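The structure under discussion appears below in the form of structure tokens.
The values are calculated or read from the model by the stated rules, or taken from the named source; none is laboratory data. Just so we're clear, the structure is a prediction, and the values are computed from it rather than from any experiment. Cβ sites come from the backbone with ideal geometry, for glycine too, and all protein chains shown count toward neighbours. Note: areas computed on protein heavy atoms with side chains; ligands, DNA, RNA excluded. Shrake-Rupley method; radii C 1.70, N 1.55, O 1.52, S 1.80 Å.
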Amino acid sequence: MQAYFSMFYETLFGFFSLFILAKVLGKTQISQLTAFDFISALILGELVGNALFDDEAGVAEIAFVVALWGILLYITEIITQKFKRTRHLLEGNPEIVIYQGKLIRDTMKKNNLDINQLQNMLRSKDTFSIREVEYALLETDGTVSVLKKPAFQIPNKKDMNVSQPEVHLSITLINDGEIIYDNLKEHNLSVEWLLEEVKKQGYEKTEDIFYAEYMKGKDLLVLPFINREHIKFKE
């Protein structure tokens with residue numbers, strides 16, 4: 001009987017420890033999975049491993065832990081269905097990472113999401129430039145939902161029989177206040193030119209800029225540091 005109590009406490013400890021770990025890692029670390037899907041996969045994998053390789057773990061012990069784990073998941077699901085207020089804690093909520101075309105830095109930092117990761121996620125949504133995005137939400141499963149600006153929404157130029165200009169990829173020139181010198185050099189752009197373009201938009205130094213994007217034939221896209229409590233975010 002003592003062994004079962006020991007397994008009971010160890011399972012509870014593992015359940016809550018892995019839940020906290022999943023929250024700390026952030027949504028992007030468990031992309032395509034909810035927090036509890038991620039935890040369940042880890043625990044069930046460990047249980048199968050014990051069943052196969054641990055001589056001391058018999059069928060009865062493994063069955064007990066699996067049943068206990070299943071009950072915990074079932075109770076969690078019932079709680080989220082019965083008490084709506086628990087869904088924020090247990091399942092999380094979507095969070096805005098781009099608001100009216102502006103990057104929300106503290107939301108990205110909270111979820112361990114950097115510019116490169118965000119750009120990769122946007123490209124998976126057929127969005128190759130942040131300048132195309134009006135709103136972007138980081139979903140609870142780690143994916144991004146994108147609402148494009150009206151100019152980039154369908155019907156597109158092809159549908160309207162409008163001439164289509166040459167297509168260019170966007171280039172990151174400033175990331176989190178730091179100049180990306182390799183990108184400048186690769187596209188034959190100078191630091192002096194970048195600083196001049198930044199000043200044209202009312203910024204004295206690059207440290208005030210969260211993100212700057214260059215695209216041939218277009219004005220430099222400059223986004224300052226903006227957090228959720230900033231007055232501009234509330235407008």
*Has the range 105-126 got at least one residue that is in contact with a Phe, Trp or Tyr (Cβ under 9 Å, 6 or more places away or on another chain) and outside any helix (DSSP H, G or I)?*
no
*Six or more apart or on different chains, Cβ under 6 Å: which pairs go from a residue in the range 133-155 that's among the basic types (Lys, Arg) to one that's assigned to a strand (DSSP E or B)? Could you list them?*
Lys149/Glu134
_Residue in the range 101-116 that is nearest to the chain's Cα centre (by Cα), counting only those that are open to solvent by 30 Å² or more (accessible area, probe 1.4 Å) and more than 18 Å from Ala212 (Cβ to Cβ)_ = Asn112
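Test Ile130 against the criterion of being β-branched (Val, Ile, Thr) and open to solvent by less than 50 Å² (accessible area, probe 1.4 Å), and give yes or no. Full working, then the answer.
Details: β-branched (Val, Ile, Thr): yes; open to solvent by less than 50 Å² (accessible area, probe 1.4 Å): yes.
Answer is yes for this residue.
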*Pairs, please: C-beta under 8 Å, at least 6 apart or cross-chain, first residue on the phi > 0 side of the Ramachandran plot and in the range 195-220, second open to solvent by 80 Å² or more (accessible area, probe 1.4 Å) and assigned to a loop (DSSP other than H, G, I, E, B)?*
Gly217/Pro165; Gly217/Glu166
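Residue-wise test of (1) modelled with pLDDT of 85 or more; (2) open to solvent by less than 40 Å² (accessible area, probe 1.4 Å); (3) more than 21 Å from Ile96 (Cβ to Cβ).
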residue: Lys125; (1), (2), (3): yes, no, no
residue: Val144; (1), (2), (3): yes, yes, no
residue: Glu166; (1), (2), (3): no, no, yes
residue: Trp193; (1), (2), (3): yes, no, yes
residue: Glu196; (1), (2), (3): yes, no, yes
residue: Glu204; (1), (2), (3): yes, no, yes
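When you check Ile96 against the structure, is it surrounded by fewer than 19 Cβ atoms within 10 Å (Cβ to Cβ) and over 22 Å from Lys216 (Cα atoms), yes or no?
Values: surrounded by fewer than 19 Cβ atoms within 10 Å (Cβ to Cβ): yes; over 22 Å from Lys216 (Cα atoms): yes.
Yes.
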*Tell me, yes or no, whether the range 170-181 has at least one residue that is out of contact with any Pro (no Cβ under 9 Å at 6 or more places or on another chain), open to solvent by 90 Å² or more (accessible area, probe 1.4 Å), at pLDDT 85 or above and assigned to a helix (DSSP H, G or I).*
yes
